[in-house]
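Notes to accompany the following structure.
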Amino acid sequence: MIIKFGTSGWRGVISREFTWDRAMAVVDAIAFRLNESGYNSIAIGGDCRFLSPELADATAERMAEYGFKAYVSERSVPTPVLSHACRKMGLGGVINFTASHNPPLYNGIKFSPFHGGPADSNDTARIEELIVSSSVLKESSGGSVVKMDFITPYLKDINEFIRADVFRRTDSLRVVYDAFSGAGSGVLDRKLIELGGSVRVLNAKRDPLFAGRQHPEPNEQCLVDLSESVLRSGASLGVATDGDADRFGIVDENGVYVPPHDFMALLVDYLAETGHTGRVVRSITTGSLLDRVAASHGLQVLVTPVGFKYLGAEILKGGVLIAGEESGGLSLGTHIPEKDGVLAGLLAAEMVCHYGEGLGYLLKKLWGTHGRLYNTRLDLPLNPAMQEYIVENLFKSDLKEAAGLPVQQVKRIDGVQLILDESTWVLVRLSGTEPLARIYVQSQSPEENHRISRALAEEFGKS
């Protein structure tokens, strides 16, 4: 049985790759791994997808038979809430049934060890070995299953990372929240209401088909309804979370989508202005505006490969102010080493309350100081000849020119990044799960981004 973990767990199409028996084989391997690491307790939960609640309950019973103290969520639960519970309760890890932002036909398992962040390659490689060898623990006494409300303690402790007094100084906060039919419903909106905000919730009920969304990802394409609702209602802000509420999406007071690149730069500026300090950690695909803002406050920036396991590892080292990535994941260094879409939404609302202005207005001020940068991504389908051409002519060679521009520097942190000038770069990565080349571009205009990405696509297509 071949099961491979990606940057955030194992996922597959339900009934084709992701079956009940295969899921239980992964659970058995995780139990074995935890046992050999000296742990006998686990937090268990899942999102709103097909079979997630049933699998979570069955896993709790199975882990108890192996002698574990299994704490299972009484309802669908966000990924960051499980991470918080693991750390707060001093548990050995987390088993979470979710496929995050993948299409509705998918489900999956995220495993986090004792620190609550994504498992590193040592853990996942060992789990993969145990699956292949069909290693199973013997049944043991002393196990138990406890149904838990993980959400209430999480919402209480989240006060450590927001400024509740800022919210309560205004009575004009109006937020539209798109829960994407996912686990964030009844969590982010509950906290905003507790803080005195007025909240309208879209897609609040569980729907494994995500209200017809092909990809339940809170990106610009999937936030059209949220934008329209903000405009119709005159709301201060629109926020969204994906299926397991670890990713965020933001819409400003004008119904305009706020890219994570811009939001995180604005957030760093706000945190620094309000007295916070520490390293700023970002993935290599995240825009350089964040670097400009951090530098203006004397903050160090560290760039990592793609995947929150790398950012979470930096959080665990300490001294981090914020860690974030372009795909809509962030956390604070004093919070959990896992992305948290609920916290991101709360921080967006906090900024609006603090400044008494919408994010659109605040971004214009930020761009006026630091300049505006545009970041785009093109997913290019590959055939074998194209992939071989990219590997030989880009990954194994140092290009001197790209899209008619001279290459000033080449970075190989993850994929190949070509620095073209102080504001312009292009990054090419090969997908580990699909025959795709992902072309990320940054420049000072959307038109230039389009030109560069299409020029590279045409070049790769000549093979």
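Lys/Arg Cβ at +1, Asp/Glu Cβ at -1, dipole of the chain taken about the Cα centre: which of V13, A43, H101 is farthest positive-ward?
Positive-most Cα among the choices belongs to A43.
Subtracting the Cα-Cα distance from 0.36 nm times the residue separation, let me have the gained length for R451 to S172 in nm, one decimal.
Details: separation 279, 0.36 × 279 = 100.44 nm, distance 4.30 nm.
Taking R451 through S172 to full extension adds about 96.1 nm, to one decimal.
What is the spin-label model distance, in nm, from E139 to E458 if the labels are put 7 Å beyond Cα along the C-beta direction?
Placing both labels 7 Å along Cα→Cβ, they lie 6.8 nm apart.
At a Cα cut-off below 21 Å, give the lysines reachable from K317, other chains included and same-chain residues fewer than 8 away excluded.
Qualifying lysines at Cα under 21 Å: K88, K309, K339.
Just how large is the dipole of the range 10-149 about the Cα centre, in debye to the nearest 20, putting +1 at every Lys and Arg Cβ and -1 at every Asp and Glu Cβ? Please list the in-between numbers first.
Numbers: 14 positive and 16 negative charges, 57 e Å.
Here the range 10-149 has a charge dipole of around 280 debye.
Would you work out which of V426, L321, G371 lies farthest towards the positive end of the dipole of the chain, given +1 charges on the beta-carbon of Lys and Arg and -1 on that of Asp and Glu, about the Cα centre?
L321
Which whole-angstrom value gives the distance between the alpha carbon centres of the range 249-277 and the range 67-115?
If we compute the Cα centre of each part, the gap is 28 Å.
For the charge dipole of the chain, defined by +1 on Lys and Arg C-beta atoms and -1 on Asp and Glu C-beta atoms about the Cα centroid, which residue among V176, L380, S331 has the Cα displaced farthest towards the positive pole?
S331
Taking the alpha-carbon distance from K396 and a cut-off under 22 Å, which lysines remain once sequence neighbours fewer than 8 residues away in the same chain are dropped?
Reachable lysines: K411, K462.
Leaving out same-chain residues fewer than 8 places away, which aspartates and glutamates sit with a Cα under 19 Å from that of K365?
D252, E253, D262, D269, E273, D291, E350, E357
Any idea what the dipole of the chain comes to, in debye rounded to 20, about its Cα centre with Lys/Arg Cβ at +1 and Asp/Glu Cβ at -1?
Numbers: 47 positive and 57 negative charges, 73 e Å.
In debye, rounded to 20, the chain gives about 360.
Is the shape of the range 199-302 best called rounded, prolate or oblate, per the rule: a/c under 1.5 gives rounded, else a/b larger than b/c gives prolate, else oblate, with a ≥ b ≥ c the square roots of the Cα gyration tensor eigenvalues? Walk me through the intermediate numbers first.
On the way: a/c = 2.57, a/b = 1.84, b/c = 1.39.
Prolate shape, in that a/c is at least 1.5 and a/b is the bigger ratio.
Under the rule of at least 5 residues apart or a separate chain, name every residue whose amide H is placed under 5 Å from the amide H of F150.
Placed amide hydrogens put E74 under 5 Å from F150.
How would the range 374-461 be classified by its alpha-carbon gyration tensor: rounded, prolate or oblate, with rounded meaning a/c under 1.5 and the a/b versus b/c comparison settling the rest? Present the calculation step by step, with values, prior to reporting the outcome.
Numbers: a/c = 1.67, a/b = 1.34, b/c = 1.25.
The shape class here is prolate.
Read phi for every residue in the range 245-250 and hand back ³J(HN,Hα) as whole Hz from Karplus 6.51 cos²θ - 1.76 cosθ + 1.60, θ = phi - 60°, with x for Gly and Pro.
6, 9, 9, 10, x, 10
Take Q214, project a point 7 Å from its Cα along the Cβ direction, then tell me which residues of the range 103-138 have their backbone nitrogen under 17 Å from it.
Only 103-106 fall inside the zone, counting backbone N under 17 Å.
Subtract the Cα-Cα distance of N383 and D165 from 0.36 nm times their separation in residues, and report this length gain in nm to one decimal. Walk me through the intermediate numbers first.
On the way: separation 218, 0.36 × 218 = 78.48 nm, distance 5.56 nm.
So the chain would gain 72.9 nm between N383 and D165.
Where a ≥ b ≥ c are the square roots of the eigenvalues of the C-alpha gyration tensor, would you call the chain rounded, which needs a/c under 1.5, or, failing that, prolate if a/b is larger than b/c, or oblate? Before the final figure, lay out each step's value.
Working: a/c = 1.72, a/b = 1.17, b/c = 1.47.
Oblate, since a/c reaches 1.5 and b/c is not below a/b.
Sum -39500 (n - 2.57) across every DSSP H segment of at least 4 residues in the chain, then divide by the residue count to get the 222 nm mean residue ellipticity, nearest 500. Write out the running numbers ahead of the final one.
On the way: 15 runs with 165 residues, N = 463.
-11000 deg cm²/dmol, from helical runs alone.
What list of ³J(HN,Hα) values in whole Hz, one per residue of the range 147-158 in order, does the Karplus curve 6.51 cos²θ - 1.76 cosθ + 1.60 (θ = phi - 60°) give from phi, with Gly and Pro shown as x?
Listing the rounded values in order: 6, 10, 9, 7, 6, 4, x, 4, 5, 5, 6, 5 Hz.
With +1 on each Lys and Arg Cβ and -1 on each Asp and Glu Cβ, how big is the dipole of the range 375-425 about its Cα centre, in debye rounded to the nearest 20?
On the way: 5 positive and 8 negative charges, 16 e Å.
The dipole magnitude comes to about 80 debye.
What's the center-to-center distance, using Cα atoms, between the range 351-391 and the range 309-348 in Å?
18
Values quoted throughout were computed directly from the atomic coordinates according to the rules given, and no laboratory measurement underlies them. Small disclaimer: the values here were computed from a predicted structure and weren't measured. Heads up, the Cβs are rebuilt from the backbone with ideal geometry, glycines too, and the neighbour counts pull from every protein chain shown.
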